[in-house]
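The block underneath contains the structure these notes are about, expressed in structure tokens.
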Amino acid sequence: MSHIRQINKKSSYDIGGVDNSSSKKIKKISHQTTRFITNLVISGPAEVEERSGAQYQCTAYFTNGDSEDVSNSCEWGENTPYASIDNTGYLTTTDVPNQDIHIVQLLQH
């Protein structure tokens with residue numbers, strides 16, 4: 001998306017008692033780049049022991065090649081009563097029954 005802005009520039013100077021005023025119109029064009037997310041990657045440990053915690057991070061990759069840590073602007077969630085994850089991506093686990101529990105990380109950005 002381009003934006004065009006017109007700038008009026010006026011200059012005046014005096015040479016030998018003669019007023020030499022001039023006026024110029026300058027167009028300034030600025031470009032605004034819109035970037036879109038192409039990929040979101042969650043990183044952190046694959047396993048977390050019960051009664052402990054771990055930090056997870058979400059990285060967004062954009063169409064212009066940039067990447068950015070968006071962990072604090074994501075909506076984190078979990079699908080088990082044995083863990084909770086806060087708005088920064090920190091997962092806390094509780095006591096787990098004698099079985100493996102698979103936790104799915106839910107993310108919305």
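Values in this text are rule-based calculations from the coordinates and carry no lab data. None of the values given here were measured: they were computed from a predicted structure. Every residue, glycine among them, receives a Cβ derived from its backbone with ideal geometry; neighbour counts consider all protein chains shown.
Taking 0.36 nm per residue of separation and subtracting the Cα-Cα distance, full extension of the segment from N39 to N64 would add 7.8 nm. Under the shape rule built on the C-alpha gyration tensor, where the axes satisfy a ≥ b ≥ c, segment 37-108 is prolate, since a/c reaches at least 1.5 and a/b is greater than b/c.
Taken along the Cα-to-beta-carbon direction at a fixed 7 Å, the label points for V96 and E75 span 2.7 nm.
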